[in-house]
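First the structure, in the form of structure tokens, and then the observations on it.
The values are calculated or read from the model by the stated rules, or taken from the named source; none is laboratory data. Source: prediction; values computed, not measured. Cβ placement follows ideal geometry from the backbone for every residue including glycine, while neighbour counts extend to all protein chains displayed.
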Amino acid sequence: MATGIRRKAAAVAATTALFVGGGVVAATEASAGYMCNPGYHCVYWGNLGDSAAHDFYNSDRDFTNDTFDKNPGTGGYGRNVNDALWSASNSSTGGYESHYYRDINYQGGLLFCINPGSEVFGSQLADWQRNAASSLELRPSTTIHCF
């Protein structure tokens, strides 16, 4: 009798571990944007994954001092990020949206925003949104429609 109870307890414990473990994995995957490490907001000079990139962990009021410093040997490597980003990805682990603005200090109007776990390709942006961002503000969930 005791053996049957132990087997049931072990089965319940194993099932619970699978559900809990699966939930943790799903939550992590849901926050991962394409080609961007967890916790970061990544911008690309060209297409995601095949051009130079720069990673932001926090908001940045001024892109003029940032360069595309990831993926050496690809297009845009070493160039200034200001007014030069074509694609972006959001791998926020804290649920923050990435809000990109036309001018430094979050001025000049919102160009676009990206939800956690999402990305935007240059082909999805209007001409006036590409190669125009100068600052990034990380914001908790908003009512603004984001990619």
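A few points about this structure:
- In segment 68-88, the residues that are at pLDDT 95 or above, polar (S, T, N, Q) and crowded, with 18+ Cβ neighbours inside 10 Å: 82, 87
- Single match in 23, 109, 94 (criterion: within 19 Å of residue 139 (Cα to Cα), among the small types (Gly, Ala, Ser) and at pLDDT below 95): 94
- Screening 103, 50 for residues that are surrounded by fewer than 20 Cβ atoms within 10 Å (Cβ to Cβ), over 19 Å from residue 145 (Cα atoms) and out of contact with any strand residue (DSSP E or B) (no Cβ under 8 Å at 6 or more places or on another chain) leaves exactly one candidate, 50.
- Scanning segment 89-109 for residues that are at negative phi and touching a Lys or Arg at 6+ places or on another chain (Cβ under 8 Å) yields 96, 97, 99, 104.
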